[in-house]
Every structure is written in C-alpha cells, then in structure tokens.
Amino acid sequence: GLSYTWIFNNDTLSLRDDGRRFVSQATGNLYLAKVEPWDVGTYTCVVSNGEAQQNAWGPPTPLTLRSDGVMGEYEPKIEVHFPETTYAAKGSAVRLECFALGK
C-alpha cells in the first residue's frame, strides 16, 4: 500500500503531540487546523510504496501568511464526505471526521 509523508523546509514534518496538523493516509492531504507564523515555509508531499520500495515526490508548495487579512475569493466552508450508512460492531469505536476549508 501507499503511505504519505510531508516534508517541511527540507525536514520530515513531525506530527507527534500536534493536535493542529493531520495527514490523511487515505488521500495524502495535509490539514492545518490553525495556521501560525511558524508554519510558513515550503511543504512537499512524498508518496511511498513499501512493496516496490519506491518514493515519488510532489512539487514544493510554499505557504505564506497574508498581511491584509483578506480571506480570498472563496468563502470558508465545511465539507463532510460520509457514506449514507456506516456500520459498526457493538462496542467498537467509530471515528467520523469533518474538515473546515477556506482561503
């Protein structure tokens, strides 16, 4: 299977003890709950295939802070993608995720 890692300013992005950042192992997306000044830099996604022992690197993507405070042309929105029915065994744990997106 595939696994996803993000590189931040040429170092592997550590997500331990960080409730603000999350990497989806289903899509590879990196989510930041609240951008802080120390988040500014360059992010690069690395996709690894353990069986083939190969990596593919995405293009570097810079993150900068806007000084004018304008949100951009897109209003923030919440996207939820759940199946119509979610099944779970009695006593098991279920995790449903919701993400807010915006510029």
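Which members of segment 14-30 meet the condition of being open to solvent by less than 50 Å² (accessible area, probe 1.4 Å) and not in a loop (DSSP other than H, G, I, E, B)? Walk me through it before giving the result.
At the first step, the residues of segment 14-30 found to be open to solvent by less than 50 Å² (accessible area, probe 1.4 Å) are 18, 21, 23-24, 28, 30.
R21, V23, L30, listed by residue number.
Looking at (1) out of contact with any Leu (no Cβ under 6 Å at 6 or more places or on another chain); (2) free of Cβ contacts under 8 Å to residues at least 40 places away in the same chain, which is the one condition that is false for V23?
(1)
Provide a single number: the residues in segment 31-60 that are outside any loop (DSSP other than H, G, I, E, B), open to solvent by 30 Å² or more (accessible area, probe 1.4 Å) and either farther than 19 Å from G1 by Cβ or touching a helix residue (DSSP H, G or I) at 6+ places or on another chain (Cβ under 6 Å) (or both).
Counting residues in segment 31-60 that are outside any loop (DSSP other than H, G, I, E, B), open to solvent by 30 Å² or more (accessible area, probe 1.4 Å) and either farther than 19 Å from G1 by Cβ or touching a helix residue (DSSP H, G or I) at 6+ places or on another chain (Cβ under 6 Å) (or both) gives 5.
The values are calculated or read from the model by the stated rules, or taken from the named source; none is laboratory data. Please read all numbers here as calculations on a predicted model, not as lab measurements. Cβ sites come from the backbone with ideal geometry, for glycine too, and all protein chains shown count toward neighbours. Accessible surface is based on the protein model in full, side chains and every heavy atom, while ligands, DNA and RNA are left aside. Shrake-Rupley method; radii C 1.70, N 1.55, O 1.52, S 1.80 Å.
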